[in-house]
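Asker: Right, I'll just put the structure down here and ask away after.
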Amino acid sequence: IANVSHDFRSPLTSIKGYLEAIIDGTIPPEMYEKYLTRVISETERLTKLTQGMLTLNSLDSKGYLSRSSFDINRVIKDTAASFEGTCEKKNINFELTFSDSMQMVYADLGKIQQVLYNLIDNAIKFSHQDSTIYIQTRIKNEKIFVSVKDTGIGIPAEQQENIFKPFTEVKDLTTGDGLGLPICSLIAAKMNGSLTLDIGYTKGTRFILELHV
């Protein structure tokens, strides 16, 4: 509750301050658009936080996951393709390496898309200009391992153990709501899989998603 209160208080304080400044004339009419845009940005932040909290709560409910068999390679390709515009701005490329042309897994398609989207989004966010993001799948003992690797700024060693804890943000990196990775980890766990950080990889960040075939 303390963590949630803190995360809600900051954007609410900003929204209240901007609107009061508009009403009392501190912000002149010609500046309205600038500050109302900031208000919208803060409300979007609150919406994202609320949705994340609801997702965490829902994952504790029975029947939340809807499993089916699908080609994980196709899902990876489609998810990576959705970032084309963002990648062009930073001149970032994807290198996809699959163990087979098609690889079926039994999981919740929508939730796996959510996990992959979050991992790829983070990889792009923390990658340098003109770099490559590597996504690889491999099979071992009836399990498939999906690796998402970048060569960006990485996660400080002293903060790595906290990244899967709700409401925990990594210092000195782009801010978020502190819920993305915890939600992804919980989704994987609910499907008897796992999401881990490769602490041995030091040239950026490498996450490994484990699922059952």
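Asker: Over region 100-165, calculate the relative contact order: mean separation of alpha carbon pairs under 8 Å at least 6 apart, over the residue count, as a percent.
Answerer: 27 percent
Asker: For the chain, what does the helix formula give at 222 nm: sum of -39500 (n - 2.57) over DSSP H segments with n ≥ 4, over the residue count, nearest 500 deg cm²/dmol?
Answerer: Numbers: 6 runs with 94 residues, N = 213.
After summing the helix terms and dividing by residue count, I get -14500 deg cm²/dmol.
Asker: Suppose a student asked you for the relative contact order of region 4-147, using Cα pairs under 8 Å spaced at least 6 residues apart; what percent would you report?
Answerer: After rounding, I find 22 percent.
Asker: Quick one: length gained pulling Asn192 to Ile153 fully straight, 0.36 nm per residue minus the C-alpha distance? Intermediate values should be presented prior to the final figure.
Answerer: Values: separation 39, 0.36 × 39 = 14.04 nm, distance 3.05 nm.
Answer, rounded to one decimal: 11.0 nm.
Asker: Can you pull the one-decimal nm distance between simple spin-label points at Val213 and Gln160, each 7 Å off the Cα toward Cβ?
Answerer: So the label points at Val213 and Gln160 sit 2.9 nm apart.
Asker: What are the GluC sites (Glu not before Pro) within region 131-168 that DSSP puts in a loop, where the Cβ has at most 12 other Cβ atoms within 10 Å? Before the final figure, lay out each step's value.
Answerer: On the way: sites: Glu142, Glu158, Glu161; in loops: Glu142.
The qualifying sites are Glu142.
Asker: Here is a follow-up. Kindly report, to the nearest 10 Å², the accessible surface of Lys203 as traced by a 1.4 Å probe over protein heavy atoms only.
Answerer: Rounded to the nearest 10, the figure is 150 Å².
Asker: Continuing with this model, one more query. Give me the angle, in degrees from 0 to 90, between the Cα long axis of helix 72-81 and the longest principal axis of the Cα atoms of the chain, rounded to the nearest 10.
Answerer: It works out to around 30 degrees.
Asker: Identify which of Met31, Met102, Met53 has the largest mean-square fluctuation in a Gaussian network model of the chain, with springs joining Cα atoms closer than 10 Å.
Answerer: Met31
Asker: Taking square-rooted eigenvalues a ≥ b ≥ c of the alpha carbon gyration tensor, is the chain rounded, prolate or oblate, where a/c under 1.5 means rounded and, failing that, a/b exceeding b/c means prolate?
Answerer: It is prolate, given that a/c is not under 1.5 and a/b is the larger ratio.
Asker: May I pose another question? To test your reading of the geometry: what angle, between 0 and 90 degrees and rounded to tens, separates the Cα axis of helix 32-58 from the longest principal axis of the chain?
Answerer: So the helix axis and the longest Cα principal axis differ by about 40 degrees.
Asker: State which entries of Lys143/Lys165; Lys89/Lys149; Lys90/Lys149; Lys90/Lys203 exceed 21 angstrom in Cα-Cα distance in the structure shown.
Answerer: Those over the limit are Lys143/Lys165.
Asker: Rank these by accessible area, largest first, 1.4 Å probe: Thr37, Thr97, Thr137. List each step's numbers first, then the result.
Answerer: On the way: Thr37 80, Thr97 60, Thr137 5 Å².
In descending accessible area the options line up as Thr37, Thr97, Thr137.
Asker: Oh, and also: How much accessible surface area, in Å² rounded to 10, belongs to the heavy atoms of Arg38 with a 1.4 Å probe?
Answerer: Spelled out: Arg38, probe radius 1.4 Å, area about 100 Å².
The values are calculated or read from the model by the stated rules, or taken from the named source; none is laboratory data. A quick note: this is a predicted structure, and the numbers were derived from the prediction, not measured. Note that each Cβ is placed from the backbone with ideal geometry, even for glycine, and that neighbours are counted across all protein chains shown. Note: areas computed on protein heavy atoms with side chains; ligands, DNA, RNA excluded. Shrake-Rupley method; radii C 1.70, N 1.55, O 1.52, S 1.80 Å.
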